[in-house]
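Some notes on the structure that comes next.
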Amino acid sequence: QVQLVESGGGLVQAGGSLRLSCRASGSIFSINAMGWYRQAPGKQRELVAVITSGGSTNYADSVKGRFTISRDNAKNMVLLQMNSLKPEDTAVYYCNAILKVQLWGPLQNSWGQGTQVTVSS
């Protein structure tokens, strides 16, 4: 069984910074991509940023230049550095991993439990 555990959410004033971290554990053979999604009240879950095992990144337009995603492959960890936070960044942030639990098995889509980020104006 695979677990993704997030940490680092909280309350911050507009213009402030937070860093989210997520570690994947369990029976993991390999992880292709890791990323962060968010869901604000009354809205659909949306992609924030994703990073592949090779280090390629992709960001939502709304966070480009403010957020930075990074990854520690040896520790199965993904980090999200969030700077210049805005009230509209308020949401539950979810860690995601596309992974395999065995060499010849299918890709699996795993999610963390979510961490709340609240940005006050």
Collect the residues in region 56-80 that are open to solvent by 50 Å² or more (accessible area, probe 1.4 Å), aliphatic (A, V, I, L, M) and touching a Lys or Arg at 6+ places or on another chain (Cβ under 8 Å), keeping them in residue-number order. none
Which numbered condition in (1) touching a helix residue (DSSP H, G or I) at 6+ places or on another chain (Cβ under 7 Å); (2) under 21 Å from Q108 (Cβ atoms) is the only one that M34 fails? (1)
Of everything in region 81-106, what is surrounded by 14 or more Cβ atoms within 10 Å (Cβ to Cβ) and of a type in the set (A, V, I, L, M, F, W, C)? Give them in sequence order. M82, L85, A91, V92, C95, A97, I98, L99, V101
Just one of (1) under 18 Å from Y94 (Cβ atoms); (2) in contact with a helix residue (DSSP H, G or I) (Cβ under 9 Å, 6 or more places away or on another chain); (3) open to solvent by 50 Å² or more (accessible area, probe 1.4 Å) trips up S53, so point out which. (1)
Pairs, first closer than 13 Å to S121 by Cβ in region 79-90, second of a type in the set (A, V, I, L, M) and part of a loop (DSSP other than H, G, I, E, B), C-beta under 7 Å, six or more apart: L85/A14; K86/A14; P87/A14; T90/A40
Wholly enclosed strands (runs of 3 or more DSSP E) of region 15-121 bearing at least 2 residues closer than 17 Å to V5 by Cβ: 18-26, 30-39, 67-72, 77-82, 91-100, 108-111, 115-120
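The values are calculated or read from the model by the stated rules, or taken from the named source; none is laboratory data. These numbers come from a predicted model, not from an experiment. All Cβ positions, glycine included, derive from the backbone under ideal geometry; neighbour counts span all protein chains shown. We work out accessible area using only protein heavy atoms, side chains counted, and drop any ligands, DNA or RNA first. Shrake-Rupley method; radii C 1.70, N 1.55, O 1.52, S 1.80 Å.
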